[in-house]
Amino acid sequence: MLFAAALPARAADTVTADDTAKFLAGMQPSADSPLTPLTRDPSWQRHAKFFDAAFAQLEQRQLSKIRAWADANLAAPKPTMFYMFSGPDFLYADAFYSKATTYVLSALEPPGSVPDLTRLPRGGVGAALYNVERSLGSILSFSFFITKQMKVDLHAGQISGTLPILYVFLARSGKTIRSVSPVALDDKGMAYFGNENPGANAVRGARIIFAGSDGVERTLYYFSTDLSNTGVRASGFLKFCSTLAPGNSLLKSASYLLHSGNFSTVRNYILANSATIIQDDSGIPLAYYSPKKWRFFPFGRYAGPIAEFAGRYQESYAELFERAQPMDFGIGYRWRSHESNLLLSIRLPDDGTAGPEATSSTDEPPPPRAPRPRVPRPPAPVQPQPRGGFFWFGR
């Protein structure tokens, strides 16, 4: 992995990670940055106007409302937040848990690289910026990444992987990047940085140190890792997470993977190590929560899964949401505000009882009985429109 532009500036001609993030996000880098002359390129100026409009719409439509919801409903968040199956979605991690000081994101997608943009071949900057726009098309329109599409976009060109997307989201969230380094975990969960050798079969990712407008230094970890039972039991990822637990968890557009017995290990881990869990219905099925250990606060409307996941309908979820509070933003696969659901689960103080969270961790919830929900029509996509049809498995 190449982590170019990852260290603080040492000389006038050094391209810093923060300037690179601002440039990719369509924001002006520092005046003395080697990237500043590139902002006179018409392709960058078009890119900046596109992102200015797209993020302004997203801020008005969702992000400002999510932050207001979080301020009203999250009383004492933990310093750590876990976001499994996240892809590079720091944007919503920050919106829901802006007071966290450590963010741990994890998914299959590789961290990739961000080269020195001043060294790209002629015409390379415009192509790189268009690639970034394509990669963000679905999350700017729907609030989640489309996995099939992301696998193509995040491997295209010289700018690849999740790292450039994280850069854009950090910059557009008003953060200042202070340092970036590769990180790897051995099978015991010990972290190795830079050129340290973690041994074979290490979980690899990136660590980004950043600060917000308050000047508080925060840490973002992104790990590329298999969260299935076989993958997560063979790695040190959850052991590393335990050094930061307990935390708060976010589960959004998670492909209903946590409904499967093949993801019981990470499901049980989230339940055991979270003080609060914010999720849509694609997260942990209600049957796995113990009502003795959790208090539930439903928001919005449970309209059932979209057609691709019709078999994941939950009668208990529907009953819970009969007394849901309203919310004024959309989230997840059913991205329209009048169809979206959000469940805030708050862990109760330990009552001293032992036992599993709910049903056996390898058992499936009872098979649902529900009509096949209609497929929602996508909104007008943020241009440039991704090629190909939509594939709803995503984050």
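Go through the stretch 302-340 and give me each residue that's aromatic (Phe, Trp, Tyr) and under 22 Å from ALA287 (Cα atoms).
TYR302, PHE309, TYR313, TYR317, PHE321, TYR333
Which ones in the stretch 189-238 are outside any helix (DSSP H, G or I), among the hydroxyl-bearing types (Ser, Thr, Tyr) and over 26 Å from LYS99 (Cα atoms)?
If the condition is that a residue be outside any helix (DSSP H, G or I), among the hydroxyl-bearing types (Ser, Thr, Tyr) and over 26 Å from LYS99 (Cα atoms), then TYR192, SER228, SER235 are the ones that fit.
Within the stretch 234-255, work out how many residues are closer than 28 Å to PHE309 by Cα, open to solvent by 10 Å² or more (accessible area, probe 1.4 Å) and at pLDDT 95 or above.
Selection size over the stretch 234-255: 1.
Can you say whether ARG336 is of a type outside the set (A, V, I, L, M), open to solvent by 50 Å² or more (accessible area, probe 1.4 Å) and closer than 24 Å to GLY247 by Cβ, as far as the supplied structure shows?
Here the answer is no, as ARG336 does not meet what is asked.
For ARG377, indicate whether it is over 30 Å from SER43 (Cβ atoms), at pLDDT below 50 and assigned to a loop (DSSP other than H, G, I, E, B).
Taking the combined requirement at face value, the residue satisfies it.
Looking at (1) open to solvent by less than 20 Å² (accessible area, probe 1.4 Å); (2) of a type in the set (Asp, Glu); (3) without any contact (Cβ under 8 Å) to a residue 24 or more places away in the chain, which is the one condition that is false for ASP71?
Every condition holds for ASP71 apart from (1).
Considering the stretch 249-301 alone, what residues qualify as being of a type in the set (Phe, Trp, Tyr) and touching a Lys or Arg at 6+ places or on another chain (Cβ under 9 Å)?
If the condition is that a residue be of a type in the set (Phe, Trp, Tyr) and touching a Lys or Arg at 6+ places or on another chain (Cβ under 9 Å), then TYR256, TYR288, TRP294 are the ones that fit.
Give the residue that is nearest to PHE51 (Cα to Cα), with candidates limited to residues of the stretch 172-192 that are basic (Lys, Arg) and touching a Gly at 6+ places or on another chain (Cβ under 7 Å).
Ranking the candidates gives LYS175 first.
What number goes with the only condition from (1) open to solvent by less than 20 Å² (accessible area, probe 1.4 Å); (2) hydrophobic (A, V, I, L, M, F, W, C); (3) assigned to a helix (DSSP H, G or I); (4) at pLDDT below 55 that PHE144 does not pass?
Status for PHE144: all satisfied but (3).
For the stretch 74-116, which positions are part of a helix (DSSP H, G or I) and either open to solvent by 10 Å² or more (accessible area, probe 1.4 Å) or of a type outside the set (Gly, Ala, Ser) (or both)?
Within the stretch 74-116, PHE90, LEU91, TYR92, ASP94, PHE96 meet the criteria.
Looking at (1) open to solvent by less than 10 Å² (accessible area, probe 1.4 Å); (2) farther than 19 Å from ARG122 by Cα, which one does THR14 not meet, given that it meets all the others?
(1)
Considering only the stretch 50-62, state which residues are open to solvent by 10 Å² or more (accessible area, probe 1.4 Å) and in contact with a helix residue (DSSP H, G or I) (Cβ under 7 Å, 6 or more places away or on another chain).
PHE50, PHE55
Starting from the stretch 243-260, take each residue that is over 17 Å from PHE90 (Cβ atoms) and list its partners that are part of a strand (DSSP E or B) and modelled with pLDDT under 95, counting only C-beta distances under 8 angstrom and pairs at least six apart or across chains.
Qualifying pairs under 8 Å: SER255/GLY394.
The values are calculated or read from the model by the stated rules, or taken from the named source; none is laboratory data. What you are looking at is a predicted structure, and each value in this text was computed from that prediction instead of being measured. Positions of Cβ are backbone-derived with ideal geometry, glycine not excepted, and every protein chain shown enters the neighbour counts. Each accessible area value is taken on the protein alone, full model and side chains, heavy atoms only, with ligands, DNA and RNA left out. Shrake-Rupley method; radii C 1.70, N 1.55, O 1.52, S 1.80 Å.
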